[in-house]
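The values are calculated or read from the model by the stated rules, or taken from the named source; none is laboratory data. These numbers were taken from a predicted model, which means no experiment stands behind them. Virtual Cβ from ideal backbone geometry, glycine too; neighbours counted across all protein chains shown. In case anyone asks, the SASA skips ligands and DNA or RNA and just uses the protein heavy atoms, side chains included. Shrake-Rupley method; radii C 1.70, N 1.55, O 1.52, S 1.80 Å.
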Amino acid sequence: MDSLLEIRGARREFVTPEGDRIAALDGVDLDVGAKEFVTLLGPSGCGKTTLLRAISGFEALDGGTIRLGGADLTALPPFRRPLNTVFQSYALFGHMTVARNVGYALEVAGVPKRRREAEVAEALDKVGLSGMGARRPGQLSGGQRQRVALARAIVAKPRLLLLDEPLSALDRNLRQQMQIELKTLQDRLGIAFVFVTHDQEEALTMSDRIVVMRAGRIEQIGAPRDIYRRPRNRFVAEFIGETNLFPVTVDRVEGPTALARTAEGVELLLPAAGRKPGEAITAILRPTDFTLADKGIPGTVRSAVYLGSDLHLFVAPAAGGPEIRVTARDGQAAETGAAVHLAHDPARVHVLEGG
Amino acid sequence: MRNPWGWAALTGFSLLFFVFIYAPLFVIVGYSFNSNPVNMMIWERFTLDWYTGLFGLTERVMDPNSRAAYIESTDQMIAALKTSLTVAAFTTTIATVLGTATAIALARYRFRLRGFYNGFLMLPMMMPDIVLGIGLLIFFVTLGMQLSMLTIVIGHCTFLTSYVFIIVQARIAGIDPALEEASADLGASEWVTLRKVLLPQLAPGILGGALLAFVISMDDLVITYFISGTGDTTLPVFIFGMIRRGVKPEINAIATLIILASVVIAAAGLWLRSRKTD
Amino acid sequence: MAIRRQSAILGLLLAPATLFLGVFFLLPLLIIALFSFLTPGLYGGVEWSFYHWNYGRIFGWADGIMEVFEPVYLRILWRSLSFAALTVLVTLLLCYPVAFWVSRLPERSRLFFLFLITLPFFSSLIVRLYAWLLILKPTGFLNSALMGLGLIAQPLEILYTPTAVVLGMVYVMVPFMFLPLYAAVDNLDRAQVEASMDLGANRVQTFLKVVLPQTLPGIMGGAVIVFIPSVGNFIVPDILGGAKGLMIGNLVEQQFLSARNWPFGSALSMVIMSVVLTVLLVAVTRARKTGAGHA
């Protein structure tokens, strides 16, 4: 894939009021393809917003370069960068009509009024707000404002659109609807999106690739499925989705399967490929990877939470050790205090090297 | 949750408080229509003499027995009013520009002397009028500047810049910085952003600051008193002089007109503000 | 926060006010300081030589030949400070309950009463003081009313007394105390008051432990804003105060407009200015401390 955006060695330090230096960006390399939807995901303070603002030009880098389509942007002020942003607060100009908001980029670029009006109408049409041009931002609903912000940011036809947690102010239903619409719009426009969020579900739904960040560094870059099924380390595993982590020692290898055991004695089966007896590793199993069966890890249900379509169980293994999270399908009855066995498919186990 | 007796007592106290604030003004208004010139506090009958006297509509005789004790001079009063309006107009313009520019600079730029400027811009407002007044007096006299309308405008601008600064700064604090970032992001240069986004957003604050500056300039007594010299006098200084020479019924009439004007201005200000909120 | 380059626009925004206030605000203050150390000329005007007796006359050193130490100046300074302090106290006691009351009113009436409070800002200071002259005169409104009601036989002598001066200052300063107080009271989270009572504190305890500490910044703000113009006031004592109501501001005015002793007047002004700057400094450092504590 030829990359549109190339970030190399981006560094940015902040000094806290107490005088401590904090690296908001600690040597970040990132490539974004011309039609790619890339999400920056991480807990607050991980540097994702700083990275986005460095791309848009609102944060200067202490080191590193940012190139867009081969041109070096690093030293350019925001208004000279050929990319646009959808702001978290939308940042709509309250003193202007919707149409003037949307046409702002063209207005300041000196595009003649007639052409401007045509392009504004087109942009409003793309976000499903045709005919709303005469209104004021104050008269719109949250979802409509979101769309205006979107239309405003795409009217100048940037090759890269940056989105800073644009859905965080919307309620759950509208958010899910907008996730789909955003993805569709990105496909239709054929441009790159860099999207910042702390919501993993949002990231998994929309992205071509997810960039998981922590403490100014990139922990893992990959397709949603890769990130979920094959996290590179504990942090990624625990940040994306619910996880059971088992520090285990490999006991023996039998054909395609290996048997491993936790210090307490909980036994797990996992793929044999590359495993050696006596090796200390971490086995990762998602709650959905377990099923309630007649055989498997024996344990007692400590609590059961009913969540619509499925049942979340916390099971204390009979051997001891931390409780295991299990998602049982609706209909599988398991009450608090019930004795159960947890079975799993060895192929679903993901292994992290080391304890 | 509240006990009714406590609330009733609080309400009573508060209503008395408002009586305390407004009763004196009503006393003036009432007695501006009283025909008794000797003891204005004893009601004789309704008259408009003091108002017509103000405008020189009545023949006035310099006779101690005459009812209309001579008010200094209608011409002087009109001239003082004109001076006040002229001074206020110039002062408002200058102080609004200076105060707004500084408020924008302090709110939107980081620079080394920022903390110093914040304090420095507050100081003229906090400085007691009399200190500023005599400081300017000595300054102008030492420099050999003729005391005139110009010196009054300069004097008013010093402390009114502070007032505008504070009002506009408060308004800026309520504006999302992302608006200006959005503008820059969409390709507008710093100057275009200032003109197309920040200033329109600030407009109500600037207008409010200007209105306040105008009203305070019209009302300023102390500073003007020291630096107005003999030529140009403003209305408050003129009235102050009249009061010092003794209470005359015409003062009631002027005072009533001023009260009326201030109510109109305040209502206009309120109306402007309520219009801006939607 | 956005990064902004230190651009030409920043210079353009700052230069006018810097220049203007530098010349017409800072220089005049410096000139007062300079004049306060110059020798008064015999017939007004100054001689450009160093002279510290201006301060000597006020604070107690004097050569006894040219100038004499007159304790009256210290007394008047003390009176100015105590009048100003009294004004702060009275406005506070008046405004605090009312601020509370207004903040608890329904929206429409709250806006109405807030408007009534701000209205005096728009009306003339001199007119408002003049009203009290009419009211307090021996033949004025108050005495006519009280005598008419048969409550008193002789007119009360209030005008030209310290009472009249403090009354006048309270009257003109009330809005300045009210607004910061109201802001503080209105900011107060009502749920905290309820929480305090829920936890067993009675009204007095709740007031002392929850309400008062949280409205203290408003009280301090109002106190400073009222104290500063009060201490150097000369209009109120000029109109309502007699010899016993004379304040330091009147002394300054006399030195400039009748006695024509500018250096001595400048020294008196320096005294006012130091009082004001001290109060401001104390207030700002206190506000910083409590502000840091709350954040």
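Computed values, structure above
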| item | result |
| --- | --- |
| Options A:120, A:98, A:102, A:86: the member that is in contact with a Gly (Cβ under 6 Å, 6 or more places away or on another chain), under 21 Å from residue A:146 (Cβ atoms) and open to solvent by less than 10 Å² (accessible area, probe 1.4 Å) | A:98 |
| Breaking point among (1) open to solvent by 30 Å² or more (accessible area, probe 1.4 Å); (2) under 28 Å from residue C:229 (Cα atoms); (3) assigned to a helix (DSSP H, G or I), for residue C:157 | (3) |
| Complete set of residues in the range A:28-79 that are among the hydroxyl-bearing types (Ser, Thr, Tyr) and either buried (at least 16 other Cβ atoms within 10 Å of the Cβ) or more than 22 Å from the chain's Cα centre (by Cα) (or both) | A:39, A:49, A:50, A:56, A:65, A:74 |
| Enumeration of residues in the range C:28-52 that are closer than 11 Å to residue C:261 by Cβ, open to solvent by 50 Å² or more (accessible area, probe 1.4 Å) and not in a loop (DSSP other than H, G, I, E, B) | C:42 |
| Residue check for residue A:302: touching a strand residue (DSSP E or B) at 6+ places or on another chain (Cβ under 8 Å), buried (at least 16 other Cβ atoms within 10 Å of the Cβ), charged (D, E, K, R) and at pLDDT 90 or above | no |
| Among (1) within 30 Å of residue A:121 (Cβ to Cβ); (2) hydrophobic (A, V, I, L, M, F, W, C); (3) within 14 Å of another protein chain (Cβ to nearest Cβ) - the single one residue A:5 does not satisfy | (3) |
| In the range C:122-153, the residues that are within 7 Å of chain B (Cβ to nearest Cβ), assigned to a helix (DSSP H, G or I) and within 24 Å of the chain's Cα centre (by Cα) | C:122, C:125, C:126, C:127, C:128, C:130, C:131, C:132, C:133, C:134, C:135 |
| Residue check, residue B:189 over 25 Å from the mean Cα position of the chain (by Cα) and either among the hydroxyl-bearing types (Ser, Thr, Tyr) or more than 10 Å from every other protein chain (Cβ to nearest Cβ) (or both) | yes |
| Residue in the range C:191-200 that is nearest to the chain's Cα centre (by Cα), counting only those that are of a type in the set (A, V, I, L, M, F, W, C) and more than 20 Å from residue B:5 (Cβ to Cβ) | C:191 |
| Test: residue in the range C:176-186 that is among the aliphatic types (A, V, I, L, M), within 13 Å of chain B (Cβ to nearest Cβ) and within 11 Å of the chain's Cα centre (by Cα) | yes |
| Restricting the range B:217-274 to residues that are within 7 Å of chain C (Cβ to nearest Cβ) and not in a helix (DSSP H, G or I), the residue that is most open to solvent (accessible area, probe 1.4 Å) | B:247 |
| Test: residue in the range C:211-220 that is open to solvent by 60 Å² or more (accessible area, probe 1.4 Å) and within 11 Å of chain B (Cβ to nearest Cβ) | no |
| Test: residue in the range C:95-115 that is touching a helix residue (DSSP H, G or I) at 6+ places or on another chain (Cβ under 6 Å), open to solvent by less than 20 Å² (accessible area, probe 1.4 Å) and over 30 Å from residue C:213 (Cβ atoms) | no |
| Residue pairs meeting the criteria (Cβ under 6 Å; at least 6 apart or on separate chains; first at the interface with another protein chain (Cβ under 8 Å from one of its Cβ atoms) and farther than 22 Å from residue C:201 by Cα, in the range B:1-28; second among the aromatic types (Phe, Trp, Tyr) and open to solvent by 70 Å² or more (accessible area, probe 1.4 Å)) | B:27/C:141 |
| The range C:240-262 - residue that is away from every other protein chain (no Cβ under 12 Å) and under 23 Å from the mean Cα position of the chain (by Cα) and, of those, surrounded by the fewest Cβ atoms within 10 Å (Cβ to Cβ) | C:243 |
| Residues (part of a helix (DSSP H, G or I), within 30 Å of residue C:80 (Cα to Cα) and out of contact with any Ser or Thr (no Cβ under 7 Å at 6 or more places or on another chain)) located in the range B:94-129 | B:118, B:119, B:120, B:123, B:126, B:129 |
| From A:232, A:225, residue being among the basic types (Lys, Arg), open to solvent by 60 Å² or more (accessible area, probe 1.4 Å) and not in a loop (DSSP other than H, G, I, E, B) | A:225 |
| Among the candidates C:112, C:69, residue that is without any contact (Cβ under 8 Å) to a residue 40 or more places away in the chain and over 27 Å from residue C:241 (Cβ atoms) | C:112 |
| Extreme residue, farthest from the other protein chains (Cβ to nearest Cβ), among residues of the range A:102-137 that are closer than 26 Å to residue A:176 by Cβ, assigned to a helix (DSSP H, G or I) and not β-branched (Val, Ile, Thr) | A:125 |
| Count of residues meeting criterion [more than 10 Å from chain C (Cβ to nearest Cβ), surrounded by fewer than 21 Cβ atoms within 10 Å (Cβ to Cβ) and modelled with pLDDT of 95 or more] in the range B:87-109 | 3 |
| Count of residues meeting criterion [within 11 Å of another protein chain (Cβ to nearest Cβ), in a helix (DSSP H, G or I) and without any contact (Cβ under 8 Å) to a residue 12 or more places away in the chain] in the range B:138-181 | 7 |
| Test: residue A:153 is within 14 Å of chain B (Cβ to nearest Cβ), within 25 Å of residue A:2 (Cα to Cα) and open to solvent by less than 50 Å² (accessible area, probe 1.4 Å) | yes |
| Qualifying residue in the range A:202-212 (condition: surrounded by fewer than 21 Cβ atoms within 10 Å (Cβ to Cβ), of a type in the set (Ser, Thr, Tyr) and in contact (Cβ under 8 Å) with a residue 12 or more places away in the chain) | yes |
| Filter pass, residue B:208 being out of contact with any Gly (no Cβ under 6 Å at 6 or more places or on another chain), surrounded by fewer than 22 Cβ atoms within 10 Å (Cβ to Cβ), of a type outside the set (A, V, I, L, M) and assigned to a helix (DSSP H, G or I) | yes |
